[in-house]
Amino acid sequence: VPELTQGQSVQNVNGAMLITLSAANDGLQIDSASETDASLMGTQVQVNPNARPDEAPISDVPANTLGFFVGTDLQTVLKASLDAVRKNDTSGDVDQQIKSFEQQYNVSLENDVLPLLSGDYSLSVSPGASGDIMTPSVLFQLKLKDSQKAADVLSKVMTASGMPTDNVQISGGQFYVDKSSGLITGVAKDRL
């Protein structure tokens, strides 16, 4: 579909992309495969066409999921995005915000957080309590190469945030439950 590449949203596309839509008994399925190297929305952020998620994260997606997305290597995309923003930031606001984050949470965004994001991940949406689809349950899982480092970084962030949390042990990992929103965050085995 060459006209898609004429707009401002995708520039300098090089490669091929396949997207299929199929019907199933319980919904629609969208599959995509890409060998595309593209600059997204004029940002000069390049999507790595060689990054391929393992099939294993699909088995972690809950059975009653309404929809899910599986990917890999958020580190490269976020680092490229950060570099692109820095390139266009003449005031130095980005570096000031990063420095402020690092002082508040006592972790380095680029040295502590980004390196943890290189693994495969899945994002899924399931019906909420009692099958309620109006208030869905959202689950993000990230496969970690260094679970201990991730647990340490998460502990520092949660301690510095000052959020009222309950600490819970789940599957041998420390989880933090935000009392106000119900958000549960933690590291267990090799997953965030």
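What the table shows:
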quantity: Search result, residues across region 76-104 that are among the hydroxyl-bearing types (Ser, Thr, Tyr) and modelled with pLDDT under 90; calculated: 76, 81, 90, 91
quantity: Failed item in (1) at pLDDT below 75; (2) out of contact with any helix residue (DSSP H, G or I) (no Cβ under 7 Å at 6 or more places or on another chain), with residue 44 passing the rest; calculated: (2)
quantity: Counted residues, region 162-178 - those being in a loop (DSSP other than H, G, I, E, B) and surrounded by 11 or more Cβ atoms within 10 Å (Cβ to Cβ); calculated: 1
quantity: Residue pairs meeting the criteria (Cβ under 7 Å; at least 6 apart or on separate chains; first of a type in the set (A, V, I, L, M), in region 90-102; second open to solvent by 60 Å² or more (accessible area, probe 1.4 Å)); calculated: 94/85; 94/86
quantity: Given (1) modelled with pLDDT of 75 or more; (2) open to solvent by 40 Å² or more (accessible area, probe 1.4 Å); (3) not in a loop (DSSP other than H, G, I, E, B), index of the condition residue 33 fails; calculated: (1)
quantity: Verdict on residue 156 being modelled with pLDDT of 90 or more and either within 19 Å of residue 102 (Cβ to Cβ) or out of contact with any Lys or Arg (no Cβ under 8 Å at 6 or more places or on another chain) (or both); calculated: yes
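The values are calculated or read from the model by the stated rules, or taken from the named source; none is laboratory data. Computed from a predicted structure; not experimentally measured. Using ideal geometry, Cβ is built from the backbone for each residue, glycine included, and neighbour counts are taken over all protein chains shown. Areas reflect the complete protein model, heavy atoms only, side chains present, ligands, DNA and RNA absent. Shrake-Rupley method; radii C 1.70, N 1.55, O 1.52, S 1.80 Å.
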